[in-house]
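S.K.: Below you will find the structure I want to go over with you.
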Amino acid sequence: MNNHITLGEYIIENQKDFQYSSGELSSLISSIKLASKVVNHEVNKAGLVDILGDAGNENIQGENQQKLDVYANDVFMQTLVNRQMVCGIASEEEDDFVIIGGKNQTHDNKYVVLMDPLDGSSNIDVNVSVGTIFSIYRRISPLGTPVTKEDFLQPGNLQVAAGYVVYGTSTMLVYTTGHGVHGFTLNPAIGTFYLSHPNMTFPEDGNIYSINEGYYIHFPQGVKDYLKYCQEEEEDRPYKARYIGSLVSDFHRNMIKGGIYIYPTSSKAPQGKLRLLYECNPMAFLAEQAGGWASDGYKRILEIKPTELHQRVPIFVGSKNMVAKAEDFMAKYPESEEY
Ligand code: AHM
Ligand code: MG
């Protein structure tokens, strides 16, 4: 057990692994760690809203309560802004990217952060796990100039770090800087993350498929065929169906046990639902670093050149052989022109 190594110690010890190690990326991950503890505290008292006050209302102490996803967005934004380490932030909760210091502010800060501050937030009211997803790039615009949209529209294979926090039965922070995937579990009694899952890897094969099968009728034929394959009676099949409806939790379980998560295109959502920049790219980077794979059904997620901040893409992510099998089924049909 490595439970004596804290996340703080781990970040410092591994700073040399960062390609351009000047300490900034380490500090950036430290501030994500700090914000995640604050959000964790709030998520864990979500069940007390009737007592403490609902979103938009005053609680019994007369404090204004915010919706948790808005709250999480504010906490991550504020923590990153206060520490003056990034030049810009793009969030699933914001219409446009945010330039630290305001419009036309020039910066010597090297990094931009993209995040989904509270993913799966429809699960909050029912006490089911939610997560935070983050993705970090080096800016491509020159230092000393204002950050630009192009700094955010980089393909996922240029990420320098990515990770998620799962607020589950225990709270974990899992991240990669391109040197494997490492998981840290929060000891809530003392507010410290400890290295609990070093070098996490997807089993190459798995027996879990995670998809919202309620939309089956709207799925492309390749997805329908793959789902029938998952359900066939064979030596290692049918697979188990597990779908939490929280990407982070479904991904986390599948990484530990072996499985595939799919959010495909559908006749109702021709681009899929999940966002390339805030959800798919960070999960794809983590998946590849953990020996898994992430595809849009036809090609590697990390090579898609983004065109819009809130762009959606279909995703097939998880155990390598399972994603490859799903791609085989997809390849029998041409890629939809709508996507
Ligand atoms: P959100 O960003 O609005 O929370 O949506 C993302 C979530 C994922 O966590 C989850 O896997 C998916 O949406 C569930 O969608 P659906 O209810 O359509 O199955
Ligand atoms: Mg989301």
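The values are calculated or read from the model by the stated rules, or taken from the named source; none is laboratory data. Since this is a predicted model, take the numbers as computed values, not measurements. Every residue, glycine among them, receives a Cβ derived from its backbone with ideal geometry; neighbour counts consider all protein chains shown. Note: areas computed on protein heavy atoms with side chains; ligands, DNA, RNA excluded. Shrake-Rupley method; radii C 1.70, N 1.55, O 1.52, S 1.80 Å.
S.K.: Going by the structure shown, is residue 84 on the phi > 0 side of the Ramachandran plot, polar (S, T, N, Q) and open to solvent by 50 Å² or more (accessible area, probe 1.4 Å)? Walk me through how you get there before you give the answer.
M.R.: Values: on the phi > 0 side of the Ramachandran plot: yes; polar (S, T, N, Q): yes; open to solvent by 50 Å² or more (accessible area, probe 1.4 Å): yes.
So residue 84 passes the test.
S.K.: Of all residues in segment 192-203, how many are under 21 Å from the mean Cα position of the chain (by Cα) and open to solvent by 20 Å² or more (accessible area, probe 1.4 Å)?
M.R.: Counting residues in segment 192-203 that are under 21 Å from the mean Cα position of the chain (by Cα) and open to solvent by 20 Å² or more (accessible area, probe 1.4 Å) gives 7.
S.K.: Would it be correct to say that residue 222 is among the small types (Gly, Ala, Ser), more than 16 Å from ligand 2 (Cβ to nearest atom), assigned by TED's automatic domain parsing to the domain that holds residue 316 and crowded, with 18+ Cβ neighbours inside 10 Å? Break it down stepwise before answering.
M.R.: On the way: among the small types (Gly, Ala, Ser): yes; more than 16 Å from ligand 2 (Cβ to nearest atom): yes; assigned by TED's automatic domain parsing to the domain that holds residue 316: yes; crowded, with 18+ Cβ neighbours inside 10 Å: yes.
Yes.
S.K.: Something else now. Looking at 285, 251, which one is modelled with pLDDT of 95 or more, away from ligand 1 (no atom under 16 Å from the Cβ) and under 13 Å from the mean Cα position of the chain (by Cα)?
M.R.: Residue meeting the stated conditions: 285.
S.K.: If residue 211 satisfies all but one of (1) surrounded by fewer than 16 Cβ atoms within 10 Å (Cβ to Cβ); (2) within 20 Å of the chain's Cα centre (by Cα), what's the number of the condition it fails?
M.R.: Tallying (1) surrounded by fewer than 16 Cβ atoms within 10 Å (Cβ to Cβ); (2) within 20 Å of the chain's Cα centre (by Cα), residue 211 fails exactly one: (1).
S.K.: So, in segment 119-147, of the ones that are of a type in the set (S, T, N, Q) and closer than 24 Å to residue 42 by Cα, which residue ends up farthest from ligand 1 (Cβ to nearest atom)?
M.R.: 127
S.K.: Within segment 105-123, which residues are farther than 17 Å from residue 248 by Cβ and open to solvent by 10 Å² or more (accessible area, probe 1.4 Å)?
M.R.: Matches in segment 105-123: 105, 106, 107, 108, 109, 110.
A quick yes/no check of all residues on (1) touching a strand residue (DSSP E or B) at 6+ places or on another chain (Cβ under 8 Å); (2) within 16 Å of ligand 2 (Cβ to nearest atom):
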| site | (1), (2) |
| --- | --- |
| 122 | no, yes |
| 127 | no, no |
| 135 | yes, yes |
| 138 | yes, no |
| 152 | yes, no |
| 162 | yes, yes |
| 165 | yes, yes |
